[in-house]
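What follows is a set of notes on a single structure, which appears directly below.
The values are calculated or read from the model by the stated rules, or taken from the named source; none is laboratory data. Because the structure is predicted, anything quoted here is derived from the model rather than measured. Cβ: placed from backbone, ideal geometry, glycine included. Neighbour counts: every protein chain shown.
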Amino acid sequence: MSELLLPGLIDVHTHLRVPGGEHKEDFATGTAAALAGGVTMVLGMPNTSPPITTAAVMDDVHQLIARDAVCDVGMFGGASTADIAHLPTLGTKAKALKIYLNDTFGKLRVDEVPTLVQCFKTWPRDKMIAMHAEKQSVAVGIALATVYERPVHFCHISRKEEIELIADAKMRGLPVTCEVAPHHLFLGAADYERLGAFADMRPILGTPDDVAALWAHLGDTVDCIATDHAPHTIAEKQNDPPPPGVVGLETSLVLMLTAVRDNKISLERVIDLMHTNPRRIFDLPVQPDTQVTVETGNFTIRNADLKTKVGWTPFDGREVAARVRRVVLRGATVFEDGAVLAAAGSGQIII
Ligand code: NCD
Ligand code: ZN
């Protein structure tokens, strides 16, 4: 067994469920899960209840981050037709904008072209626009990035046709970036047969061809690994229909380091995908004196070890090649051997 030292990882796609979904996760448990996974900075999504589509809701959310968070947190504002006039003020308080072009958990879907145009015209130009775009919606996002000459980041790309379209867009110099979620790399449609609702998320798991295409593009087209950490309780997952989404903060790094052991990716590339690129793309601050110590060896992911409030992961029982031993954030040991040591509210708000 040996130890590896990594920079604090950044996860630009998490659902921390505040406000309105605190029975699934809150800033205390969600950021504890982040530290347990070697993640020292997260960006939180706006598909809450109410959704984060105005500066007033964002102010309330910031107060709760300041009270509870143990790692640094930036928030996405959400685009909606009803609150479109709020974008400029929301833009002063959010780290980035999220636009949902497809159906998923929550009601934040945008279908109207005038709303999309307003987003591109009125969202602060120095802040990223991220899109939930599946299948042909990826082409809509690339077109908007081209017409309005501003960057678009595509969330959780999961299909061969999508990653190939983004590769072509990048080849033409268009300002697009993308992330891939670990569940789309380490699970596939066959796992849905085994796990049912516990492997149901949006976008759904891919075919073997989709999974192979994502791995093939990890070395170049893919910019970030982001978890789409989307907690729902076991009881909710047993409803019909179940809400889509699975957690990921605590398993992302150890799965990627297992791929390093198996010679599927280099450690340097993992650091690019989980630290360097997310920081550059979303213009995130440097965290001084921050590092993650990882122990390599043979370990097993267990539901019982999780910090997330929902207490389950589709990777329960999976053998992995690493575990997070210690996390130091701004010089303080905030996580060690399974215990969160950071004081509530010691995480900073990123704007
Ligand atoms: C997410 C959630 O539960 O908030 N669910 C999911 O399946 N990914 C929503 C989302 O990111 O689309
Ligand atoms: Zn998401």
- Query: If you take the residues of segment 291-318 that are outside any loop (DSSP other than H, G, I, E, B) and touching a Pro at 6+ places or on another chain (Cβ under 8 Å), which of them is farthest from Ala36 (Cα to Cα)?
  - Reply: Gln291
- Message: Quick test for you: out of Asp59, Asp83, Asp103, pick the one residue that is out of contact with any Gly (no Cβ under 6 Å at 6 or more places or on another chain), at pLDDT below 95 and surrounded by fewer than 23 Cβ atoms within 10 Å (Cβ to Cβ).
- Response: Asp103
- Item | Matching residues, segment 5-52, being within 21 Å of Ala343 (Cβ to Cβ), assigned to a loop (DSSP other than H, G, I, E, B) and hydrophobic (A, V, I, L, M, F, W, C) | Leu16, Val18
- If you check Gly245 against the conditions, is it surrounded by fewer than 21 Cβ atoms within 10 Å (Cβ to Cβ) and assigned to a loop (DSSP other than H, G, I, E, B)? no
- Query: Do we find a residue being assigned to a loop (DSSP other than H, G, I, E, B), closer than 27 Å to Arg325 by Cα and out of contact with any Cys (no Cβ under 7 Å at 6 or more places or on another chain) anywhere in segment 215-224?
  - Reply: yes
- Only one residue in Arg269, Arg302 is at negative phi, modelled with pLDDT of 95 or more and either surrounded by 14 or more Cβ atoms within 10 Å (Cβ to Cβ) or among the hydrophobic types (A, V, I, L, M, F, W, C) (or both). Which one? Arg269
- Item | Single residue of segment 121-136 satisfying the filter (surrounded by fewer than 19 Cβ atoms within 10 Å (Cβ to Cβ) and of a type outside the set (Ser, Thr, Tyr)) that is nearest to ligand 1 (Cβ to nearest atom) | Lys135
- Note on the structure: Within segment 248-262, the residues that are surrounded by 17 or more Cβ atoms within 10 Å (Cβ to Cβ) and part of a loop (DSSP other than H, G, I, E, B) are Gly248, Leu249, Glu250, Thr251
- Message: Looking at the structure I just gave you, is Ala145 at pLDDT 95 or above, buried (at least 19 other Cβ atoms within 10 Å of the Cβ) and assigned to a loop (DSSP other than H, G, I, E, B)?
- Response: no
- Message: Looking at segment 2-20, can you tell me whether even one residue there is at pLDDT 95 or above, surrounded by fewer than 19 Cβ atoms within 10 Å (Cβ to Cβ) and within 16 Å of ligand 1 (Cβ to nearest atom)?
- Response: yes
- Message: Out of the residues in segment 27-48 meeting the condition of being within 29 Å of Thr81 (Cβ to Cβ) and touching a residue at least 40 places away in the same chain (Cβ under 8 Å), tell me which one is farthest from ligand 2 (Cβ to nearest atom).
- Response: Phe27
- Query: Under the condition of being under 19 Å from Gln136 (Cα atoms) and touching a Ser or Thr at 6+ places or on another chain (Cβ under 6 Å), which residue from segment 167-224 is surrounded by the most Cβ atoms within 10 Å (Cβ to Cβ)?
  - Reply: Pro203
- Message: If I filter segment 131-140 for residues that are in a loop (DSSP other than H, G, I, E, B), under 17 Å from Ile281 (Cβ atoms) and of a type in the set (D, E, K, R), do I get at least one hit?
- Response: no
